[in-house]
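Encoded as structure tokens, the structure appears first; notes follow it.
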Amino acid sequence: MDASKDASPKELPLGFDASTEEEYASQSKLLQEFTSIPCIDNALTFKSNSSMTSDFLTSHFSPLFHSFSVVNYLDPKHLAQEWAPRQCFQLARQIFWLTRGGNTFYLRAFQKKVAVQLTFSGPRFPLRCQGSTIVPSPSGSKLLVVRNPENESPTHFEIWSQGQVEKEFHIPQSVHGLVYIDGWFEGISWNCDETLIAYIAEEPSAAKPTFCGLGYRKGSATTDKDSCSWKGQGEWEEDWGETYAGKRQPALFVINTSSGEVQPVKGIAKSLSVGQVVWAPSTGGSNQYLVFVGWSSDPRKLGIKYCSNRPCALYAVQAPFYKSEANYFEFKGSPIEGSPVLKLTQSINSAFFPLFSPDGRFLVFLSAKSSVDSGAHSATNSLHKIDWPVNEQLSLPAKVVDVIPVVQCSEDGCFPGLYCSGFLRNPWLSDGCTMMLSSVWGSSQVLLSVNVISGDVKRITPTDSKFSWNILALDRDNIIAVSSSPVDVPKIRYGCLVEKATKNATWSWLDVSSPIVSCSEMVRSLLSSRQFDILKIPVKDVSSCLTKGAGKPFEAIFVFNSKENGACDPLIVLLHGGPNDVSVSSFSTSSAFLSSIGYSLLIVNYRGSLGFGEEALQSLLGKAGSQDVNDVLTAIDHVIDRGLASPSSIAVLGISHGGFLTTHLIGQAPDKFAAAAARNPVCNLASMVGTTDIPDWCYVQVYGTKGKNKFTEAASTEDLALFHSKSPISHVSKVKAPTIFLLSAEDLRVPMSNGFQYARSLKEKGVEVKIFMFPNDVHAIKR
């Protein structure tokens, strides 16, 4: 008897039939093909010990949705634990090399699920992995690997040299907590002789009283925690909001690389949170100074992630392990009263990412003064420098020199201003005064050379390219970069400075072929039929009250089918958050996937986006929900009028402020959209202002720059009424489009109650709604 005939049919998921299940399976397989394409986001350069070459370079490939692990090959137990439970990547083999101008670069890549002994010449180092960070020493002969603990385990510091762990130190929680490796407070810096490393870590928690049912327990420090029935322990302490939950006080520490001894840097006020530490140049004296960024917590800590509008300054302090009573510098002026900490940037309200020139003659840094002054959470940056004394006196306050000022409004095709998210550890060309930066220019990211002596700024990437570029590594006058577009997977590019004359400096670029940066034949075929363009969208109804920059066209990236078939693909409108952020013309796995399955994409950089000058950016403050909404509708009408999209097949998708726009659009233009998706959307400013980590943002979006001064923790009835009227929920009764919501339970920026309230209101009115919940995720939904 055939048992299969009596078997019950396979139960399909709710709402599925056989054809739907087949479609989902097919699309899931295709999505896996896209997510296997690696994202290239980092590189390190080292000195080679091979007689064949003078240099080699190690590239860091970070495929999306995969974790990394750095393995201690000397510990078999560690090897087994690291490789068994999850998919990992390890430097595996030499792929290729290229030679130009006497410099040879070796590129090494990750190979999935293979733990093999490295066989090529030169130091064999692992690269950055999740939960850890890696910092090369100044000579390149050593690496520091920092492994953050889980729960209350010690922090691990490993000093690697020549492919093995040379020293390993375990730092208990009583010394400090997690090391900050987030890219903002993060600051890990070797001193010049590689004997000390300065870094930022969570200050250890002070002892707190313990209570039980009978009251306070004497000697609670040694009492079993589980014996206490009441779990409230000590005074609540504020953190820095989104992604910093539970992190109270970033503090400065120094570790001796020989002994493993750790000392906190004393004298820094508790009201300062510190980050981005670097060693000041040493002239061989017995004292050495650390320069760091400090953010004040007075009167309170507001959310700092994605927010450059928090005032900050550069400070200098003498490092521990230096015992001389004589000061290295005789500081003219008055340092902070009763403190060894010296505030270097007293004349400017924002200073971060400090970096010394190779010869130590000056200290350069970025500033977000425009952001601090206006209240915009991000704005046009400026670049500055301070002359640093060599055996001379440093006057306080230090004289801050402008290198690149804020650009208010640029002429067409000219430099729009500096939009830089940070520096390479070594961004200097061989002349010692020219920095290489990645910066946003309109809807693309480009590479810039900046002479910090003359202030000359030059775009070095091809001006006729609409691709986006990111610099990975620099060695003297040679660059390793990556370029991509919405329909072109990332490519490694090698650049060489051909003509070194400042005014006529030219760069030669070569494609670097690599088997690791590849995609399947299926993906290649699908992408070959797609192309993109960056559209200039004229502003509608330009009023006389607009500044020149605010009246200029904004941009949208349009991705479409290049094969003429007589019909327009359905259109998805993609909206970035912020609102002072930008979508650039780089490769995105999710966007490329959507395009490949038959959608056109309209990625709108409405006025207020980064990369278009300060006047255009500032024009949005106080006009959220109107100017930005109108710009998106104008962009949609633009592609419809050109015959590039059908008005009957349009969906809209956005995150955060993009979700704010998404829910505004389906309410203000209910007949325009067939469907919508909103990720952690701002739906009701009136309820958000009392629950978010950035309540000041709500005031600035509604009142403009004056909202900075109107901000209060106790919003008035007039404030709340205006917040509601400017919110998407005020238009909820008009919505028709079926809408998906993706909400994160751990979101401190836009608490999930905001999206829930709006979604429930739609359901109440009979609109089709689906809510997807991410219980352990934060605002960006990265897990």
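Remarks
- Filter result (of a type outside the set (A, V, I, L, M) and either part of a loop (DSSP other than H, G, I, E, B) or surrounded by 15 or more Cβ atoms within 10 Å (Cβ to Cβ) (or both)) within region 758-783: TYR758, SER761, LYS765, GLY766, GLU768, PHE774, PRO775, ASN776, ASP777, HIS779, LYS782, ARG783
- Residues of region 680-723 classified as farther than 19 Å from LYS305 by Cβ and not in a helix (DSSP H, G or I), total: 8
- With respect to (1) under 30 Å from TYR699 (Cα atoms); (2) out of contact with any Lys or Arg (no Cβ under 8 Å at 6 or more places or on another chain), the lone exception for VAL539 is condition (2).
- Residue match in region 505-520 (condition: closer than 30 Å to ILE453 by Cα, aromatic (Phe, Trp, Tyr) and touching a strand residue (DSSP E or B) at 6+ places or on another chain (Cβ under 6 Å)): yes
- Any chance GLY622 is at positive phi, part of a loop (DSSP other than H, G, I, E, B), buried (at least 20 other Cβ atoms within 10 Å of the Cβ) and not hydrophobic (A, V, I, L, M, F, W, C): no
- PRO204 passes every criterion in (1) in a loop (DSSP other than H, G, I, E, B); (2) modelled with pLDDT under 75; (3) not hydroxyl-bearing (Ser, Thr, Tyr) apart from (2).
- Any hit, region 601-614, residues being over 22 Å from the mean Cα position of the chain (by Cα), in a loop (DSSP other than H, G, I, E, B) and modelled with pLDDT of 95 or more: no
- Residue match in region 495-502 (condition: of a type in the set (D, E, K, R), out of contact with any Pro (no Cβ under 9 Å at 6 or more places or on another chain) and within 20 Å of LEU617 (Cβ to Cβ)): no
- Meeting the requirement of 1 or more residues that are under 23 Å from ALA550 (Cα atoms), the strands (runs of 3 or more DSSP E) wholly within region 407-484 are 434-441, 444-451.
- Some residue of region 440-458 being within 30 Å of GLU521 (Cβ to Cβ), free of Cβ contacts under 8 Å to residues at least 60 places away in the same chain and under 22 Å from the mean Cα position of the chain (by Cα): no
- Residue that is farther than 28 Å from GLN701 by Cα and not polar (S, T, N, Q), where the choices are CYS420, CYS409, CYS433: CYS433
- Boolean, PHE253 is surrounded by fewer than 20 Cβ atoms within 10 Å (Cβ to Cβ), modelled with pLDDT of 95 or more and in a strand (DSSP E or B): no
- Residue in region 726-738 that is in contact (Cβ under 8 Å) with a residue 24 or more places away in the chain, of a type in the set (Lys, Arg) and in a helix (DSSP H, G or I) present: yes
- Within region 177-199, being more than 23 Å from LEU314 (Cα to Cα) and surrounded by 21 or more Cβ atoms within 10 Å (Cβ to Cβ) holds for one residue alone: GLY177.
- Pairs with Cβ under 7 Å, 6+ apart, first in region 396-410 and more than 20 Å from ASN451 (Cα to Cα), second aliphatic (A, V, I, L, M): LEU396/LEU342; ALA398/LEU344; ALA398/ILE386
- Checking region 573-590 against the condition returns a match, with at least one residue being among the polar types (S, T, N, Q), over 17 Å from SER444 (Cβ atoms) and surrounded by fewer than 23 Cβ atoms within 10 Å (Cβ to Cβ).
- Just one of the listed residues (ASP747, ASP696) is over 29 Å from LEU571 (Cβ atoms) and of a type in the set (Asp, Glu), namely ASP696.
- Total residues in region 725-754, condition among the small types (Gly, Ala, Ser), surrounded by 16 or more Cβ atoms within 10 Å (Cβ to Cβ) and touching an Asp or Glu at 6+ places or on another chain (Cβ under 9 Å): 2
- Extreme residue, surrounded by the fewest Cβ atoms within 10 Å (Cβ to Cβ), among residues of region 424-478 that are in contact with a Cys (Cβ under 6 Å, 6 or more places away or on another chain), under 16 Å from LEU366 (Cβ atoms) and among the aliphatic types (A, V, I, L, M): VAL452
- For beta carbons closer than 6 Å, sequence separation of 6+ or different chains, a first residue in region 515-527 that is over 15 Å from PRO38 (Cβ atoms) and a second that is of a type in the set (A, V, I, L, M, F, W, C) and at pLDDT 85 or above, the qualifying pairs are LEU527/VAL487.
- Test: residue in region 631-650 that is in contact with a Leu (Cβ under 6 Å, 6 or more places away or on another chain), touching a residue at least 12 places away in the same chain (Cβ under 8 Å) and closer than 24 Å to LYS770 by Cα: yes
- Number of positions in region 458-482 that are within 19 Å of ILE534 (Cα to Cα) and out of contact with any Asp or Glu (no Cβ under 9 Å at 6 or more places or on another chain): 8
- The set of residues from region 337-384 being surrounded by fewer than 24 Cβ atoms within 10 Å (Cβ to Cβ), among the hydroxyl-bearing types (Ser, Thr, Tyr), touching a residue at least 60 places away in the same chain (Cβ under 8 Å) and in a loop (DSSP other than H, G, I, E, B) comprises SER339, SER357, SER378.
- Residue pairs whose Cβ atoms lie under 7 Å apart, sitting 6 or more positions apart in sequence or on different chains, and linking a residue in region 190-204 that is within 16 Å of SER132 (Cβ to Cβ) to a partner that is among the acidic types (Asp, Glu) and at pLDDT below 95, are ILE200/GLU186.
The values are calculated or read from the model by the stated rules, or taken from the named source; none is laboratory data. Owing to the predicted nature of the structure, the values given are computational and were not obtained by experimental measurement. Cβ atoms come from the backbone with ideal geometry, glycine included; neighbour counts cover every protein chain shown.
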